[in-house]
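Quick notes on the structure that follows.
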Amino acid sequence: MIPVLKGKNVVLGVTGSIACYKAVDLASKLTQGGALVDVVMSEDATRFVAPLAFGSITHRAVTTSLFDPDSELSVEHVALADRADILVVAPATANTLAKMSLGLTDNALVATYAATAAPVLVAPAMDGHMWENAAIQENVSRLKHHGVRVVGPDSGYLASGKVGAGRMAAPEVILDYVRAVLGQGGPLAGSRIVVSAGGTREPLDPVRVITNRSSGKMGHALAEAARDMGASVTLVSASETLDAPPALEIVRVETAIEMRDAIEEACQGADALIMAAAVSDYRAAEASSHKLKKTGGPLSLTLVQNPDILASVEGPTVRVGFAAESRDLLENANSKLVSKGLDMIVANDITELGSGFGADTNKAAILTADGEIHQLPVMSKLELAHRVLEQMSNILIAKEE
Ligand code: PMT
């Protein structure tokens with residue numbers, strides 16, 4: 001379940017492209033996320049994928065015609081247009097983009113587009129030379145001018161066998177943009193939130209680093225959740241493996257010093273800083289510029305302490321820490337809350353199954369400076385992120401009053 005999608009009416013327009021098969025995956029991801037997905041297919045789209053495929057995934061009727069005698073809705077496209085929270089056209093062919101840009105209404109999808117007041121997102125898919133064609137680019141510009149968001153297309157291998165720009169954006173990327181659009185005007189609208197993620201890497205020499213087991217999943221989930229709640233987000237990430245979440249600003253860093261510098265800059269005028277990163281407490285006093293060689297005996301390294309970013313950063317109204325503990329969870333987390341002068345800390349027990357480093361889930365307790373303790377069950381990192389942001393938002397509102 002993805003909170004921002006829950007119960008939202010998504011109209012998914014599908015037009016005649018080989019990328020139709022990816023739209024099935026998108027319909028599935030939206031449905032699994034909790035959205036109510038009504039698929040509207042152009043006649044050409046039904047040649048690539050049967051309406052039954054979409055109906056089986058969404059458990060809802062699929063519209064293929066402007067005048068469907070079996071429809072329970074009197075004027076289908078107007079009913080869909082009215083109840084849509086968002087209209088997503090993926091894949092969007094050059095032909096459909098042209099019709100939309102000119103206001104033509106000769107099929108159920110373009111008629112729905114013309115009749116809706118909901119935000120519209122299109123994911124173009126076509127051959128590379130078509131995408132570069134001046135008339136098609138003019139149509140896309142006109143759509144953008146009318147407020148339509150355009151996601152992609154990506155570059156890569158095309159159905160024609162050529163390589164170039166024209167591939168439909170990946171379903172997970174389109175999903176992220178849908179989440180961002182639906183989140184606009186949410187409870188954190190107007191707020192600027194800075195989030196840190198991942199484990200810093202402190203070089204010893206050009207080959208070796210001091211690091212830890214943080215994957216960055218918790219921090220990335222927080223950044224996505226804050227974006228889904230309407231905030232403007234800067235994610236300072238040391239994660240080596242995770243992609244940049246779409247529709248937010250990301251600054252990639254490696255060391256604690258780089259993270260501090262990026263956070264200090266991002267925190268100017270920020271409403272909140274949430275530090276989910278596992279920052280290395282120490283770094284080598286001097287990293288060797290050449291690979292260290294075996295000496296045949298023990299090797300001593302001099303380490304110096306890194307700055308405590310969370311304790312020293314100036315700017316954000318609310319500061320939230322995380323505590324990764326293997327024992328005395330609440331006591332240790334509380335002493336960090338107090339010593340770093342935080343508004344809130346999220347304590348996770350890294351010895352629990354499905355909690356802490358690398359997992360997709362987490363089990364945490366939220367402690368506030370007012371002495372409240374909220375013990376939470378195991379849940380997905382995205383759900384925990386929403387719980388953390390709800391608590392943070394209460395503190396922010398109280399502090400800004
Ligand atoms: O990334 P994942 O694989 O999803 O795992 C998530 C997580 C376990 C890393 C995350 O949930 C978590 O607990 N992050 C904080 C880990 C940690 O290093 O805690 P700490 O107790 O060492 O530090 C306390 C707080 O001070 C943290 O918010 C930390 O970001 C911050 N800190 C620590 C040291 C330092 N030099 N500067 C800091 O700002």
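Here, each number is a calculation from the coordinates, and none is a lab measurement. As the structure is a prediction and not an experimental result, all values here were calculated from the model. Reconstructed Cβ throughout: ideal geometry from the backbone, glycine too, with neighbour counts over all protein chains shown.
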Determine the alpha carbon to alpha carbon distance for each of 217/336; 22/217; 99/144; 217/381; 29/99 and list only those over 18 Å.
-> 217/336; 22/217; 29/99
Using modelled backbone amide H atoms (1.01 Å from N, in-plane), which distant-in-sequence or interchain residues come within less than 5 Å of residue 36's amide H?
-> 7, 8, 9, 10
Rounded to whole Hz, the Karplus (6.51, -1.76, 1.60) HN-Hα couplings of region 224-241, x for glycine and proline = 5, 5, 5, 4, 5, 9, x, 6, 8, 10, 10, 9, 9, 10, 9, 5, 8, 10
For the chain, what are the per-bin percents of Cα-Cα distances with bins 10 Å wide, up to the bin holding the maximum?
-> 5, 20, 25, 20, 17, 9, 3, 1, 0
Tell me, 202, 372 in order of fewest to most beta-carbon neighbours within 10 Å?
-> 372, 202
Expressed as an acute angle from 0 to 90° and rounded to the nearest 10, what is the orientation of the C-alpha long axis of helix 256-266 relative to the principal long axis of the chain?
-> 50 degrees
Under Karplus coefficients 6.51, -1.76 and 1.60, residue-wise ³J(HN,Hα) of region 308-323 in Hz, glycine/proline x = 8, 5, 4, 6, 10, 5, 10, x, x, 5, 10, 10, 10, x, 10, 10
Ordered by residue, what ³J(HN,Hα) values in Hz, to whole numbers, does region 194-205 give under the Karplus form 6.51 cos²θ - 1.76 cosθ + 1.60, where θ = phi - 60° and Gly and Pro are x?
-> 10, 10, 10, 8, x, x, 5, 10, 9, x, 9, 7
Filter the trypsin sites (Lys or Arg not before Pro) in region 323-357 to those in DSSP coil with at most 12 other Cβ atoms within 10 Å of their Cβ, and list the result.
-> 327
Rounded to the nearest 500, the 222 nm mean residue ellipticity computed for the chain from DSSP H runs (n ≥ 4, each -39500 (n - 2.57)) alone is -10000 deg cm²/dmol
Rounded, prolate or oblate: which fits region 104-201 when a ≥ b ≥ c are the square roots of the eigenvalues of the alpha-carbon gyration tensor, with rounded for a/c under 1.5 and prolate only if a/b beats b/c?
-> oblate
Where a ≥ b ≥ c are root eigenvalues of the Cα gyration tensor, a/c under 1.5 meaning rounded, otherwise prolate if a/b exceeds b/c and oblate otherwise, region 3-182 counts as rounded
Would you give the gap between the C-alpha center of region 353-367 and the C-alpha center of region 134-190, rounded to a whole Å?
-> 34 Å
For the chain, the dipole about the Cα centre with charges only on Cβ (Lys and Arg +1, Asp and Glu -1), to the nearest 20 debye, works out at 800 debye
Can you tell me the 0 to 90 degree angle between the C-alpha axis of helix 381-400 and the longest principal axis of the chain, rounded to 10?
-> 80 degrees
Spelling it out for residue 122: with amide H atoms placed in the peptide plane at 1.01 Å from N, the residues 5 or more places away or on another chain with amide H under 5 Å from its amide H are 89, 149, 150, 151
List 263, 257 from most exposed to least, where exposure is judged by having the fewest other Cβ atoms within 10 Å.
-> 257, 263
Which whole-angstrom value gives the distance between the alpha carbon centres of region 220-272 and region 307-340?
-> 18 Å
Neighbour-count order for 196, 42, 141, fewest beta carbons within 10 angstrom listed first = 141, 42, 196
Of all DSSP beta bridges in the chain, antiparallel share, percent nearest 5 = 30 percent
